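*Asks:* After the structure tokens below, expect a handful of questions from me.
None of the figures in this text is laboratory data; all of them are computed from the coordinates on show. Remember, it's a predicted structure, so these values are computed and weren't measured experimentally. No Cβ is skipped: glycine too gets one built from the backbone with ideal geometry, and neighbour counts run over all protein chains shown.
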Amino acid sequence: TYVVTENCINCKFMDCVEVCPVDCFYAGENFLVINPEECIDCGVCEPECPAEAILPDSDERATPWLEINAKFAATWPNISVKGTPPADAKEWDGRPDKLPLLSP
Ligand code: SF4
Ligand code: F3S
């Protein structure tokens, strides 16, 4: 599976959802997740993310995020159409330690 990781928090650009052939993205207030049970590993979303927040689970940086993606995919609503990103999305790109800001 592919995994959405920390840099998506407060960036939430949503370019990823437009390209997924199986619509397996789920949206929270300031973060998106991929349902690992639905992702078919096509990889097309990875280069679409301006924040480079999407990684394959083979990347060790994705490991702590796999459980977070699975957990929230079970409760958050599905998203397949790009909405409006946060007004200050670009200012959050690349900031460290965003995990405490993740809205459940
Ligand atoms: Fe969707 Fe493919 Fe990305 Fe998985 S890797 S989330 S199937 S676009
Ligand atoms: Fe997040 Fe990147 Fe998608 S910032 S919403 S994973 S395009």
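*Asks:* Okay, helix-only estimate at 222 nm for the chain: each DSSP H run of n ≥ 4 adds -39500 (n - 2.57), divide by all residues, round to 500 deg cm²/dmol; what do you get?
*Replies:* Here the helix-only value at 222 nm equals -4500 deg cm²/dmol.
*Asks:* Order of ILE54, ILE68 from fewest to most other C-beta atoms within 10 Å?
*Replies:* Going from least to most buried by this count: ILE68, ILE54.
*Asks:* Can you compute the radius of gyration and Dmax for the chain, using only the Cα atoms, both in Å?
*Replies:* Over the chain's Cα set, Rg and Dmax evaluate to 12.0, 32 Å.
*Asks:* Could you name the lysines whose alpha carbon sits less than 21 Å from that of LYS98, not counting residues in the same chain fewer than 8 places away?
*Replies:* LYS12, LYS71, LYS90
*Asks:* Any idea what the dipole of the chain comes to, in debye rounded to 20, about its Cα centre with Lys/Arg Cβ at +1 and Asp/Glu Cβ at -1?
*Replies:* It works out to roughly 320 debye.
*Asks:* Give me GLU67, GLU38 sorted ascending by neighbouring Cβ count inside 10 Å, so fewest comes first.
*Replies:* Arranged by neighbour count, lowest to highest, GLU67, GLU38 become GLU67, GLU38.
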